[in-house]
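Undergrad: I'd like to ask you about the structure that follows.
The values are calculated or read from the model by the stated rules, or taken from the named source; none is laboratory data. Quantities reported herein were computed from a predicted structural model and do not represent experimental measurements. Neighbour counts are summed over all protein chains in view; Cβ atoms, including those assigned to glycine, are modelled from backbone coordinates with ideal geometry.
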Amino acid sequence: MNLKFLCAALAFTLLSDVAAFAQDRVSPTEARNETPAAPNTASSAPVESAPDLLIGPGDLLEISLYGVPDFKTDVRVSSDGDVSLPMLGSVTVAKLSAEDAARLIETKLTAKRLFNNPHITVFEKEYATQGISVLGEVQRPGIYPLLGARRLYDAISAAGGTTPKAGSYVLITHRDEPGQSVRVPLSLGSPDSMQDNVTVSPGDTILVSKGGVVYVVGDVRQPGGFLLENGKNITVLQAVALAQGPNPNAALNSARLIRKADGGPKEIPLSLKKIMAAKAPDMKLQADDVVFVPNSAAKSAAKRSAETILQMATGIAVWRIP
């Protein structure tokens, strides 16, 4: 008996050790099914989701009810934002996404006890304004058929990019909010450019602003226009310096400032020689001002009219101020 009891005790102890060892081990199958630790996403960049496109007057919708072929219909949204549907009559869907419009129709069908659990699908077959209008300082202003949610720079690129006279911001008017415009910085090439590359949708209008430009023409080393960004102002002396200064034969005392006014161009005499010697105030320039520096060797140059000087400024290269 004692021998049998001892053998039984040893067997029980061995089985207990095996069970404990089995609990401590993880089988390959369990290891594969085990939920992994959540990765560190602190450094992951957030992904911006595109907003739903909203239904507007004039849009063509395809509305269908699952299992009821007779309910399927193509209907155009009225100027009041309504659609006329079988068994329901007029339903207002303007300013709703397609998904929200489907839920609204389902709710109305259920409320009238026509169906217990209807499943409605709303599909936008045609937008009333399918393109995005890109206007202002772009190479090819016009309407571009960029369907679906796109980015601001996609639309500007479709219009050939910006002109040298483009300003530092754009105005975006969304189709569902025609009375309001959103001002977005135009920061192409800067570190903030991707942040400012906002989503635009069919029917939106993009207006690229025009930057203020001052022109320096005549007997200077590099005649040109100089773009004023972010509302910056420069003086006459700074503008002449951007044009790399006057040539040796320039008539500094005969320089003129041509400024646009309501009654036509206005001529203001400039004594560049005194300004450069700090003996006269350095006048601040406004957008579209033209500084004309004539050549002392040509008497006719000093007698050029304001209209002629403005024509000289037309078509010359425009430079961004560093």
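Yes/no matrix, rows are residues, columns are (1) surrounded by fewer than 20 Cβ atoms within 10 Å (Cβ to Cβ); (2) more than 30 Å from residue 124 (Cβ to Cβ); (3) over 38 Å from the mean Cα position of the chain (by Cα):
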site: 197; (1), (2), (3): yes, no, no
site: 203; (1), (2), (3): no, no, no
site: 216; (1), (2), (3): no, yes, no
site: 264; (1), (2), (3): yes, yes, no
site: 275; (1), (2), (3): yes, yes, yes
site: 284; (1), (2), (3): yes, yes, no
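Undergrad: Looking at segment 51-66, which of the residues that are closer than 28 Å to residue 198 by Cα and part of a loop (DSSP other than H, G, I, E, B) is modelled with the lowest pLDDT? Don't jump to the end; show me each part of the working.
TA: To start, the set of residues in segment 51-66 that are closer than 28 Å to residue 198 by Cα comprises 51-61.
Retained after the next criterion (residues that are part of a loop (DSSP other than H, G, I, E, B)): 51-53, 55-59.
On the way: 51: 51, 52: 60, 53: 70, 55: 84, 56: 81, 57: 84, 58: 83, 59: 85.
Filtering first and then ranking leaves 51.
Undergrad: Taking residue 189, is it at pLDDT 90 or above, surrounded by fewer than 16 Cβ atoms within 10 Å (Cβ to Cβ) and small (Gly, Ala, Ser)?
TA: Values: at pLDDT 90 or above: no; surrounded by fewer than 16 Cβ atoms within 10 Å (Cβ to Cβ): yes; small (Gly, Ala, Ser): yes.
Against the criterion (at pLDDT 90 or above, surrounded by fewer than 16 Cβ atoms within 10 Å (Cβ to Cβ) and small (Gly, Ala, Ser)), residue 189 does not qualify.
Undergrad: Is it true that residue 210 is surrounded by fewer than 14 Cβ atoms within 10 Å (Cβ to Cβ) and charged (D, E, K, R)? Step through it out loud before you land on a result.
TA: Working: surrounded by fewer than 14 Cβ atoms within 10 Å (Cβ to Cβ): no; charged (D, E, K, R): yes.
It is false that residue 210 is surrounded by fewer than 14 Cβ atoms within 10 Å (Cβ to Cβ) and charged (D, E, K, R).
Undergrad: How many residues are of a type outside the set (Val, Ile, Thr) and under 27 Å from residue 232 (Cβ atoms) if we restrict to segment 158-189? If you could, list the steps in order and put the result at the bottom.
TA: Narrowing segment 158-189 to residues of a type outside the set (Val, Ile, Thr): 158-161, 164-169, 171, 174-181, 183, 185-189.
Okay, now just the ones that are also under 27 Å from residue 232 (Cβ atoms), so 159-161, 164-169, 171, 181, 183, 185-189.
Final tally of qualifying residues: 17.
Undergrad: Oh, and also: Could you check segment 218-229 and list, in sequence order, the residues that are farther than 14 Å from residue 285 by Cα and either without any contact (Cβ under 8 Å) to a residue 24 or more places away in the chain or within 27 Å of the chain's Cα centre (by Cα) (or both)? Break it down stepwise before answering.
TA: Restricting attention to segment 218-229, the residues satisfying the condition of being farther than 14 Å from residue 285 by Cα are 218-224.
Answer for segment 218-229, where residues must be farther than 14 Å from residue 285 by Cα and either without any contact (Cβ under 8 Å) to a residue 24 or more places away in the chain or within 27 Å of the chain's Cα centre (by Cα) (or both): just 222.
Undergrad: Is it the case that some residue within segment 159-171 is loosely packed, with under 15 Cβ neighbours inside 10 Å, at pLDDT 90 or above and not small (Gly, Ala, Ser)?
TA: No.
Undergrad: Which of the residues belonging to segment 172-186 are surrounded by 15 or more Cβ atoms within 10 Å (Cβ to Cβ), at pLDDT 90 or above and of a type in the set (A, V, I, L, M, F, W, C)?
TA: Listed by number, the residues that qualify are 172, 184.
Undergrad: Among what's in segment 241-252 and is out of contact with any Leu (no Cβ under 7 Å at 6 or more places or on another chain) and at negative phi, pick the residue that is surrounded by the fewest Cβ atoms within 10 Å (Cβ to Cβ). I'd like the intermediate steps shown before the answer.
TA: Narrowing segment 241-252 to residues out of contact with any Leu (no Cβ under 7 Å at 6 or more places or on another chain): 241-245, 247-251.
Now drop any that are not at negative phi, which leaves 241-243, 247-251.
Numbers: 241: 14, 242: 19, 243: 21, 247: 13, 248: 7, 249: 11, 250: 23, 251: 20.
The selected residue is 248.
Undergrad: While we're on this one: Tell me which residues, restricted to segment 67-81, are at pLDDT below 85 and of a type in the set (D, E, K, R).
TA: 70
Undergrad: Pull up segment 146-175, narrow it to residues that are part of a helix (DSSP H, G or I) and hydroxyl-bearing (Ser, Thr, Tyr), then point me to the one that is farthest from the chain's Cα centre (by Cα). Outline the logic, then answer.
TA: Quick first cut of segment 146-175, residues part of a helix (DSSP H, G or I) only: 152-158.
Imposing the further condition that a residue be hydroxyl-bearing (Ser, Thr, Tyr) reduces the set to 153, 157.
Values: 153: 6, 157: 11 Å.
Per the criteria, the residue is 157.
Undergrad: Find the residue count for segment 58-67, including only residues that are more than 17 Å from residue 124 (Cβ to Cβ) and either among the hydroxyl-bearing types (Ser, Thr, Tyr) or surrounded by 14 or more Cβ atoms within 10 Å (Cβ to Cβ) (or both).
TA: Keep residues of segment 58-67 that are more than 17 Å from residue 124 (Cβ to Cβ), which gives 65-67.
If we keep only those that are either among the hydroxyl-bearing types (Ser, Thr, Tyr) or surrounded by 14 or more Cβ atoms within 10 Å (Cβ to Cβ) (or both) too, we end up with 65-66.
Residues that pass the stated criteria total 2.
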